[in-house]
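Take a look at the structure set out below.
The values are calculated or read from the model by the stated rules, or taken from the named source; none is laboratory data. The structure presented is a predicted model; accordingly, all values stated were derived computationally and were not measured. Cβ atoms come from the backbone with ideal geometry, glycine included; neighbour counts cover every protein chain shown. Side chains included, ligands, DNA and RNA excluded: accessible areas come from the protein's heavy atoms. Shrake-Rupley method; radii C 1.70, N 1.55, O 1.52, S 1.80 Å.
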Amino acid sequence: MKRHASLIPLSREHHDALLLARFLQKTTPPYKGFPTELPEKARYALNFYNEKLTEHFRQEEAIIPIVKGESTALDALMDEMVKEHIILRELFSQLNDHTELLLPLDHLGKTLEDHIRKEERQIFPLIQENCSDEKLEEIRVLVAEH
């Protein structure tokens, strides 16, 4: 399904976050231009989170009042999205607490990847299928403002 224009900016941000998610996983070979040492990977991840993902999560959560009630399946997935954002915030915040980073980074990468794929494959298609043009325009304006 082609992505609706209102959701394209969020999808583009998902692309960058997906790169981060893969980069953090222990089975991924080194990426050219990315840090290879675990402490540097953790710093890179935290910087990405602080500079990009915190606002991205906030924008996605701001969409909830616009789409609420359009579909019970969508409402349930939006609730799951918020819970996953809470988990991801916690996983990012815990990076500072670990001296052994391999498993926490791997877990964070896998959790982030699963989250992004759910949004792209389930949530965004349901938004597109269930929301009117007016609601999609509200989403477009909300995303464009930030």
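Per residue, the solvent-accessible area of the chain (1.4 Å probe, heavy atoms of protein chains only, all protein chains present) comes to 55 Å².
For Leu38, what is the net charge nearby, where nearby means another residue's Cβ is under 13 Å from its Cβ and Lys, Arg count +1, Asp, Glu -1? Once all neighbours under 13 Å are counted, the net charge is -1.
The share of accessible area on the chain that comes from carbon and sulfur is 53 percent, using a 1.4 angstrom probe. Counted by Cβ distance under 15 Å from Phe23, the other residues give a net charge of +2, where Lys and Arg count +1 and Asp and Glu count -1. The packing ranking of peptides 66-76, 14-24, highest mean first, is 14-24, 66-76, where packing means the average number of other beta carbon atoms within 10 angstrom of each residue. When log10 I(q)/I(0) by the Debye sum over Cα atoms at q = 0.13, 0.17 Å⁻¹ is calculated directly from the model, which label among (1) -0.49, -0.87; (2) -0.57, -1.02; (3) -0.59, -0.92 fits? Working out log10 I(q)/I(0) by the Debye sum over Cα atoms at q = 0.13, 0.17 Å⁻¹ from the coordinates points to (3).
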